[in-house]
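So the structure is just underneath, and the comments pick up after that.
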Amino acid sequence: MEALKPNEESGMEKNITKYRDDILYQPILKTSKTFYLSFAILSLVVLFAAFAYFKQFKYGLGVTGLNSPIFWGVYITNFVFFIGVSHAGTLISAILRISKAEWRRSITRSAEVITVLVLFFGLGNILIDLGRIDRLMIVILHGRFQSPLLWDVVSLTTYLTASSVYLFLPLIPDIALLRDRMQPGFRKGLYEVLSLGWVGTEKQIHYLEKGISIMAITVLPIAVSVHTVVSYVFSMTVQPMWHSSIFGPYFVAGAIFSGIAGIIVAMAVLRKVYHLEGYFREVHFNYLGILLLVMTCLWFYFTFCEYITVFYGNEPVEMSIFLEKMSGKYAPQFWLMVITCFVIPFTILANNKTRNVTGTVIASISVNIGMWLERFTIVVPTLMHPRLPYELGVYSPTWVEWSILMGCFALFAMIYMVFTKFFPIVSLWEVQEGREKARGEVTERLSTYLPPS
Amino acid sequence: MIRWGMVIDLDKCTACRACIIACQIENNIPPPSPEEAAKSRSIQWMRMVEHVEGEYPNLKSHIMPVPCMQCENPPCIKVCPVGATNKSREGIVDQVYGRCIGCRYCANACPYTIKSMNWYKPEWPKELMNSLNPDISVRPKGTIEKCLFCSHRIQKAKDKAKAEKREMTPDDYIPACAETCPSKAIYFGDLNDKDSIVAKLARNPRAFRLLEELGTEPNVYYLREGA
């Protein structure tokens, strides 16, 4: 437990720089006025969303803008969107860990937290969307496996469990550090329990590392399955422009895309608020920006494949929806999606000069707006044009749906804030390990790549 | 085993919409308020599909009544996560209102868009409250409902036949729409009985089914117009 040793060499004030990485402890030890203020504002938004939901619960889904035949709208869009963002943690953390990318060390934690939290909002939006939330137990008691919705329930709960374990395992040594540092009190007791008796023996470290690498590998196929199954909800029906075999990989790519964008935004906020410039450095944003650029191109490729097939096939039922997106009622949303998902991020990220912190953050915000629109333009236009001539559906979401969407974002920010107040948002021991061991390991690894001299 | 089916003769149909009214009264379907109807939220188990081809003055218009197709291979049943919609042994696609969780997946999966959602708690004008049909339940808010071929009438027909000490025959049971149709355009009966009127009409060269290419195998047939 090197990090616990006083850093004697620096001659600065003892009580502030007594420990290495002291700035990472600051959010846990001190809480500023700005924190309480923003927390209060966010809780007002959440309260308003709760009021909106209460209204919907009391009177029925009629308070939304949904109708026949547009039975699904903002809530299902949110569901797909949030599940997508949840892929941040898995990708950044698991893939980077497995591929031994050293620059991951300071960013894994903040990504993993997003995964776990955002999953609740994905699940939550499905529950909000139910007409009879009071009958939820029926899904468990009488669930039928032939429905893609039940595949969702299974893979989502598996993913939630796996990613929670994957968040918790690397957290144990950090909790132990906090436990040793805290004055006796409620906090110390909490860390005492959560640290599971970690003292950092050889054996413990061995098992922890084994556990983390098993989970990193386990979590990957589960993550892929989750978003594939989410897409199956649409593609397993025979509805035009939903019934597409490309939907599985298209949704997974989109999920990773919005996930990376989500983590970049979160990192930028943390960096600003908690002064973590030393941990989330330019290079992290640059590397993540390159990953985002790759996903931008992949997104464009998938979208192109999807739409060119429909256009060239020229089937009337599919074409009516295609045209609705290209030049009809949903053209603004569709083209805004193309701009925010491709034009803006591609221009910013493809240029070395603009791929800096500000640039990647702008691109990421744009991508997240675009990905929400992508989900929306997949869900709604198909429902607008049923196969049989029908009263043409018009869907305009009401204040209830918008305030619940806002409430989701606000509640997510609040829980994330609370997390940073209890646990270090940058993995202390992994950064420490990087300082102490990684250099030697990398040199050693490098020598195995090169031809023997 | 009986397989209930319907044949609608489009040559005879005058699009008077009496079947829709009969259905609403028989099945306790609440009349929508004008505001809700404008939002296209009215519940209809039988609806009139209108389709106009060409441009004025060379118009060709089709109007057809569309109930639930009672598919042999229903896309709605496949997607229901809780089994709130399933198939009876006599071929009717059933709704279990007490089990429906209101996810509306079946409504989206149905290629005929015949399912309706209870967006609010159903309400009737006070005058109509006394004339609700006691044979069929009032659906709670937040659940899906649709045409069941008036399947509550089967139970009634069975009870009647039992009281008269005989087996129920297909002639004992007819849905409200078919019973009401003033131009007798709606035929109803057992498709498995080769000699029944519906089976004979289903073999007619004029007979067709909606969206047959999807393989849903509807038990509702139409007889083409103007043949």
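Summary of values
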quantity	calculated
Interchain or long-range residues, amide H under 5 Å from B:N28's placed H	B:N133
For chain A, projected area of the alpha-carbon convex hull averaged over all directions, nm²	26.4 nm²
Cα gyration tensor shape of segment B:129-182, rounded if a/c is under 1.5, else prolate or oblate by comparing a/b with b/c	prolate
Taking segment A:31-426 and dividing mean pair separation by its residue count, relative contact order in percent (alpha carbons under 8 Å, at least six apart)	29 percent
Karplus-derived HN-Hα couplings along segment A:243-251 (A = 6.51, B = -1.76, C = 1.60, θ = phi - 60°), whole Hz, x at Gly and Pro	7, 9, 6, 7, 4, x, x, 4, 5
Principal-axis tilt of helix A:172-181 within chain A, Cα atoms, nearest 10 degrees	50 degrees
Extent along principal axes [Cα atoms of segment B:4-223; Å; largest to smallest]	60, 45, 38
Taking chain B and dividing mean pair separation by its residue count, relative contact order in percent (alpha carbons under 8 Å, at least six apart)	31 percent
Nearest-ten-degree value, helix A:148-168 long axis tilted from longest Cα axis of chain A	10 degrees
Shape parameters for segment A:86-238, alpha-carbon atoms, Rg then Dmax in Å	18.5, 62
Eligible lysines near B:K121 by straight Cα distance, threshold 29 Å, same-chain separation 8 or greater	A:K55, A:K58, B:K39, B:K78, B:K87, B:K141, B:K146, B:K156
In order through segment A:272-285: 3J(HN,Hα) via Karplus (6.51 cos²θ - 1.76 cosθ + 1.60), integer Hz, x for Gly, Pro	6, 6, 9, 6, 9, 4, x, 9, 9, 9, 3, 4, 5, 5
Using alpha-carbon coordinates, inclination of helix A:357-384 to the longest axis of chain A, degrees	30 degrees
Residue order, fewest to most beta carbons within 10 Å, for A:S364, A:S32, B:S196	A:S32, B:S196, A:S364
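We did not get these values from a lab; they are worked out from the coordinates using the rules stated. Note that this is a predicted model, so its numbers are computed, not measured. Neighbour counts run over all protein chains shown; Cβ positions are idealised from the backbone, glycine included.
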